[in-house]
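Presented below is the structure to which this report refers.
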Amino acid sequence: MRETSYRTALVTGASSGIGAAIVRDLARRGLEVHAVARRRDALTALARETGCIAEVADVTRPEDRAALLRGFVPDILVNNAGTSRGAPLSSAAAADIDVQVEVNLRAVLHLLNLALPRMRSRGGHVVTIGSIAGLHPLPGSPVYAATKAAIHAMHGALRLELVGSRVRLTEICPGRVDTEIFGHAAGDAAKGRAQFLDGYEVLRPEDVAAAVWYAVSQPPNVNVGLIELTPTLQAVGGLQTLKPQ
Ligand SMILES: NC(=O)c1ccc[n+]([C@@H]2O[C@H](COP(=O)([O-])OP(=O)(O)OC[C@H]3O[C@@H](n4cnc5c(N)ncnc54)[C@H](OP(=O)(O)O)[C@@H]3O)[C@@H](O)[C@H]2O)c1
């Protein structure tokens, strides 16, 4: 039996990490979940496990985005697909800059552009996975931070655009979560795990999925706008003041 009045969801970036956990959680609660990513094998396994509908698509491709939303607009759209490349901006490869902007920002804007007209007339819920990197200055990934800060700005402005409709908007900004993203950021899975995960007590993808469920399961008069979610043993802040050399 469904635990919400929402019947359908589309989750991007569903082949691993946070997206796969969100798919598992929503499917378990009785929703029809469309799981989107490029890796067919991982999606097929997830579909077998959860009953979700596997949608092999690259969210940076306009034709794939159009196909995903042709004739179907979900009640819940979870913009989760994302990538990180850890290089400093001063030495980043051009392709690494572009892929983060394409996946983390451009694809989200275009999916919303396609989905919102229908959602606006019918109601629905947009959940976007941002990051604490979009809210606070963090060292190491200025391009990634720029994409997530843009997501934060977009959410605020979109809330104003949609107020009066029955579209609810939630931005979830996690701190460190145990996923494959650190392998992409470090350029190597083992290196990413050793640098960012081994020995730390971090969030699990399921913790973020629980925050998604908290937002989408509120009664219709409640909009959860922003959730910042960090490991207990992680805090953001600090100031660098240097003496002249
Ligand atoms: N892990 C963290 O500490 C953390 C913290 C804050 C925010 N986040 C955010 O959480 C979200 C999920 O990341 P994750 O940590 O779960 O990392 P992940 O395990 O690497 O998952 C990323 C997902 O995005 C998909 N993806 C990447 N490029 C895509 C494309 N062009 N088209 C379709 N799907 C694409 C990947 O699938 P395919 O490769 O199969 O396409 C994968 O399913 C991201 O937006 C990330 O920025 C993560």
(request) Could you give the size of the charge dipole of the range 8-229 about its Cα centre, using +1 on the Cβ of each K and R and -1 on the Cβ of each D and E, expressed in debye and rounded to the nearest 20? (result) 560
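Using only the C-alpha atoms of the range 88-145, find the volume of their convex hull and express it per residue in Å³.
Details: hull volume 4.3 nm³, N = 58.
Spelled out: Cα convex hull of the range 88-145, divided by residues, is 74 Å³.
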(message) Accessible area per residue for the chain in Å², computed with a 1.4 Å probe and the full protein assembly in place, what is it?
(response) 51
(request) Quick one: grab the alpha carbon gyration tensor of the range 21-124, order the square roots of its eigenvalues as a ≥ b ≥ c, and give me rounded if a/c is under 1.5, else prolate or oblate depending on whether a/b is larger than b/c. (result) oblate
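Once the Cβ-Cβ distance between GLN245 and GLN195 is put in as r, and R0 is 30 Å, what FRET efficiency do you end up with, to the nearest 0.05? Please list the in-between numbers first.
Working: r = 28 Å, r/R0 = 0.94.
My answer for the efficiency is 0.60.
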(message) Taking the Cα centre as origin and putting +1 on Lys and Arg beta-carbons and -1 on Asp and Glu beta-carbons, what dipole magnitude results for the range 30-132, to the nearest 20 debye?
(response) 220
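Once Rh for the range 1-50 is found with the Kirkwood sum over Cα pairs, what is the Stokes-Einstein diffusion coefficient at 20 °C and 1.002 mPa s, in µm²/s? Let's see the in-between values first.
Numbers: Rh = 10.7 Å.
Translational diffusion coefficient: 201 µm²/s.
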(request) In whole angstrom, note down how far apart the Cα centers of the range 192-245 and the range 9-64 are. (result) 22
(request) Could you tell me whether the range 194-242 comes out rounded, prolate or oblate from its Cα gyration tensor? Rule is a ≥ b ≥ c as square roots of the eigenvalues, rounded for a/c under 1.5, then prolate if a/b exceeds b/c, otherwise oblate. (result) oblate
(request) Report the paramagnetic label zone for ARG38: residues of the range 80-97 whose backbone N is under 13 Å from a point 7 Å from Cα along the Cα-to-Cβ axis. (result) 82-84, 96
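Given the alpha-carbon gyration tensor of the chain, what are the semi-axes of its equivalent ellipsoid in whole angstrom, ordered largest first, with each equal to the square root of 5 times an eigenvalue? Let's see the in-between values first.
Numbers: eigenvalues 167, 81, 67 Å².
One finds semi-axes of 29, 20, 18 Å for the chain.
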(message) Given points 7 Å out from each Cα along the Cα-Cβ axis, report the ALA93 to LEU229 separation in nanometres with one decimal.
(response) 3.2
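Would you please give the FRET efficiency between ASP188 and LEU109, computed as 1/(1 + (r/R0)^6) with r the Cβ-Cβ distance and R0 = 35 Å, to the nearest 0.05?
Working: r = 31 Å, r/R0 = 0.88.
Calculated value: 0.70.
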(message) Can you tell me how the range 105-245 classifies by the Cα gyration tensor, rounded, prolate or oblate, using a/c under 1.5 as the rounded cut?
(response) prolate
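The values are calculated or read from the model by the stated rules, or taken from the named source; none is laboratory data. The structure displayed is predicted, hence computed values, not measured ones. Positions of Cβ are generated from backbone atoms using ideal geometry, with glycine treated the same way; all protein chains shown enter the neighbour counts. These area figures cover heavy atoms from the full protein model, side chains too; ligands, DNA and RNA do not enter into them. Shrake-Rupley method; radii C 1.70, N 1.55, O 1.52, S 1.80 Å.
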